[in-house]
Amino acid sequence: MIDKLNDDGVLYIRDLKRNADWETILKRIDDKRWETPSLVLDYIGAMASMLTTEELVQLLVRLGITNYEISDGDYRNGLISSNPDNLIEFEKETEYVAVIRK
C-alpha cells in the first residue's frame with residue numbers, strides 16, 4: 001500500500017472507532033438517518049468492520065509503516081451540524097483520522 005504512494009505522498013484514513021460510546025454513536029446516526037436505507041446499511045457495515053486506534057497501530061506496525069499520525073476525528077473541528085441535511089456529527093467521539101506519509 002505505502003509503496004504505491006509518490007515520494008512525499010500522503011495516505012489519509014478516516015474510520016469509526018469500534019470502542020466508541022454506543023450512546024454517542026446512536027446520537028450520531030440520528031433518527032433522520034434511520035429513514036434512509038442506504039445510510040443504515042452504510043453504518044451497519046462500517047460498525048462491523050471498524051478498528052480501535054490500538055488495532056490500527058498494530059496493523060501499521062505489521063505492515064512496516066512507521067511514519068504516521070493518528071488523531072481523534074479532528075478533521076472538522078468536532079461537533080458540527082453544517083451538512084445539507086442538518087445532521088449532527090460527533091467526529092472526536094466516534095472517529096479517528098490517520099495520516100500516513102511516505
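If I take R0 = 22 Å and measure r between the Cβ atoms of TYR43 and VAL99 in this structure, what FRET efficiency does the formula 1/(1 + (r/R0)^6) give, to the nearest 0.05?
So, using R0 = 22 Å, E works out to roughly 0.35.
For the stretch 2-79, run through the trypsin sites (Lys or Arg not before Pro) and keep only the ones in DSSP coil with at most 16 other Cβ atoms within 10 Å of their Cβ. Walk me through the numbers on the way to the answer.
Numbers: sites: LYS4, ARG14, LYS17, ARG18, LYS27, ARG28, LYS32, ARG33, ARG62, ARG76; in loops: ARG18.
In loop regions of the stretch 2-79 (DSSP not H, G, I, E or B), the sparsely surrounded trypsin sites (Lys or Arg not before Pro) are ARG18.
Among the GluC sites (Glu not before Pro) within the stretch 27-74, which fall in a DSSP loop and have no more than 11 other Cβ atoms within 10 Å of their own Cβ?
Working: sites: GLU35, GLU54, GLU55, GLU69; in loops: GLU35.
Taking the stretch 27-74 and a limit of 11 other Cβ atoms within 10 Å, the loop GluC sites (Glu not before Pro) found are GLU35.
Run the numbers for ASP31 and ARG18: contour at 0.36 nm per residue of separation, minus the present Cα-Cα distance, in nm. Present the calculation step by step, with values, prior to reporting the outcome.
Details: separation 13, 0.36 × 13 = 4.68 nm, distance 2.07 nm.
Here the answer is 2.6 nm.
Run the simple label-point estimate for THR53 and TYR68 please: 7 Å along Cα→C-beta, distance reported in nm.
Inter-label distance under the simple model: 1.3 nm.
Every number here is computed from the coordinates shown, using simple stated rules; none is lab data. Predicted model, so just to flag it, every value in this text is computed and none were measured. Please note: Cβ atoms are built from the backbone with ideal geometry, for glycine as well, and neighbour counts cover all protein chains shown.
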